[in-house]
1. Kindly indicate the residue of the range 266-299 that is farther than 26 Å from Val215 by Cα and touching a residue at least 60 places away in the same chain (Cβ under 8 Å) and also surrounded by the fewest Cβ atoms within 10 Å (Cβ to Cβ) among those meeting that condition.
2. For the range 147-159, indicate whether the set of residues that are modelled with pLDDT under 90 and of a type outside the set (Gly, Ala, Ser) is non-empty.
3. Looking at Asp142, is it among the acidic types (Asp, Glu), under 30 Å from Lys300 (Cα atoms) and either more than 17 Å from the chain's Cα centre (by Cα) or not assigned by the TED database to the domain that holds Asn319 (or both)?
4. How many of the residues in the range 139-150 are assigned to a helix (DSSP H, G or I) and either closer than 19 Å to Cys40 by Cβ or near the ligand (Cβ under 10 Å from one of its atoms) (or both)?
5. Please determine, by comparing only the residues of the range 35-57 that are more than 13 Å from the ligand (Cβ to nearest atom) and among the aliphatic types (A, V, I, L, M), which one is surrounded by the most Cβ atoms within 10 Å (Cβ to Cβ).
6. Has the range 151-159 got at least one residue that is outside any helix (DSSP H, G or I) and assigned by the TED database to the domain that holds Gln301?
7. With respect to Arg237, determine if the residue is surrounded by 15 or more Cβ atoms within 10 Å (Cβ to Cβ), more than 30 Å from Tyr139 (Cα to Cα), in contact with a His (Cβ under 7 Å, 6 or more places away or on another chain) and of a type in the set (Lys, Arg).
8. If you scan the range 18-34, which residues turn out to be more than 14 Å from the ligand (Cβ to nearest atom) and not in a loop (DSSP other than H, G, I, E, B)?
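The values are calculated or read from the model by the stated rules, or taken from the named source; none is laboratory data. Just so we're clear, the structure is a prediction, and the values are computed from it rather than from any experiment. Here the Cβ positions follow ideal geometry from the backbone for every residue, glycine too, while neighbour counts run over all protein chains shown.
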Amino acid sequence: MTKKRVFSGIQPTGTIHLGNYLGAVKNWVDSQERYENIFCVVNSHAITIKQDPKQLAQKTYELAAMLLACGIDTKKSSLFIQSQIDEHAALAWILDCNIPMGDMSRMTQFKDKSAKNPKNINVGLFNYPALMAADILLYQVDGVPVGEDQKQHLELTRDVAMRFNRDYGECFKIPEALIPKVGARVMGLDNPESKMSKSSSGANHAIFLLDTPEVIMTKFKKATTDSHNTIVFDTTRPGLYNLLSIYEIFTHKSRESIEEEFVGKGYGHLKTAIAEVVIESLRPIRETYKKLMNDQAYIKQILDEGAQKVRPIATSTYNKAKELVGLI
Ligand code: TRP
């Protein structure tokens with residue numbers, strides 16, 4: 001039986017936090033036996049928002065190193081940088097010419113992002129979903145893991161692919177949305193009502209994978225809880241629920257045994273226990289990351305090999321699309 005081919009994209013903006021890790025990256029790492037994975041650092045998408053060029057290049061390497069440190073294994077999966085394969089931008093152009101203005105204008109993420117960046121509403125930001133569609137369609141994939149915020153973009157991808165196949169002839173595989181397992185939605189430690197995000201300004205909002213043990217301990221100790229005194233999984237107590245869920249994921253213990261473990265204990269005890277588990281779980285990631293970042297030549301080599309591995313698929317799809325539309 002052949003494995004399903006899956007494409008995942010991640011932007012090299014900001015550092016990875018526990019929410020990204022548990023909500024996405026860890027699932028990718030765990031799916032490496034099940035799927036034929038293609039992981040792509042989508043740096044071309046990142047420039048739809050103004051970036052400092054030197055920093056963008058640095059962040060691209062950092063993210064690649066972080067993905068490797070988290071357990072992406074290039075013997076099993078492919079990992080490459082979007083800008084190293086020219087066919088992404090080239091196919092996006094052909095798709096652009098086949099996406100009705102009305103369809104693109106409905107994308108809610110463009111509306112959100114342009115409201116947040118009123119000084120830089122550029123054409124690339126508007127066209128972003130066409131580049132994303134090209135990322136996916138180039139590799140003839142079966143599925144794409146998408147969170148709530150990317151579902152609309154995947155729908156657009158499917159629509160343009162089906163329309164293209166109908167109008168010009170069979171070219172693209174139609175990708176399915178893979179909805180991630182529930183339960184890995186990590187909330188902000190300072191505000192458990194909102195999803196953990198890199199853009200929150202609160203100093204104790206997010207745990208970053210590169211935080212030192214001391215910082216992780218402090219952030220958990222300051223986490224918002226409530227004034228009850230029982231430690232149970234209760235969704236009406238979002239601060240506590242969030243902490244317990246993080247503990248559950250890292251320890252793989254059952255909810256009953258966790259509740260039992262904390263009978264008669266206070267929040268201070270619980271927070272220390274969670275912080276310790278998180279510190280120990282992240283330690284190997286942090287250490288591997290540091291080693292990798294000391295050898296950027298090695299990271300470059302891994303990324304070159306990744307691009308070489310997937311390039312033939314991209315070239316073959318692009319050449320087909322080009323031929324079908326009559327570009328010589
Ligand atoms: N738009 C995605 C995000 O912001 C990133 C992305 C770009 C992507 N191209 C992709 C995700 C292709 C999946 C497949 O999260």
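1. Among them, the one singled out is Gln296.
2. Yes - at least one qualifying residue is present in the range 147-159.
3. yes
4. Final tally of qualifying residues: 2.
5. Among them, the one singled out is Leu56.
6. No.
7. For Arg237, the condition - surrounded by 15 or more Cβ atoms within 10 Å (Cβ to Cβ), more than 30 Å from Tyr139 (Cα to Cα), in contact with a His (Cβ under 7 Å, 6 or more places away or on another chain) and of a type in the set (Lys, Arg) - is met.
8. Matches in the range 18-34: Leu18, Tyr21, Leu22, Lys26, Val29, Asp30.
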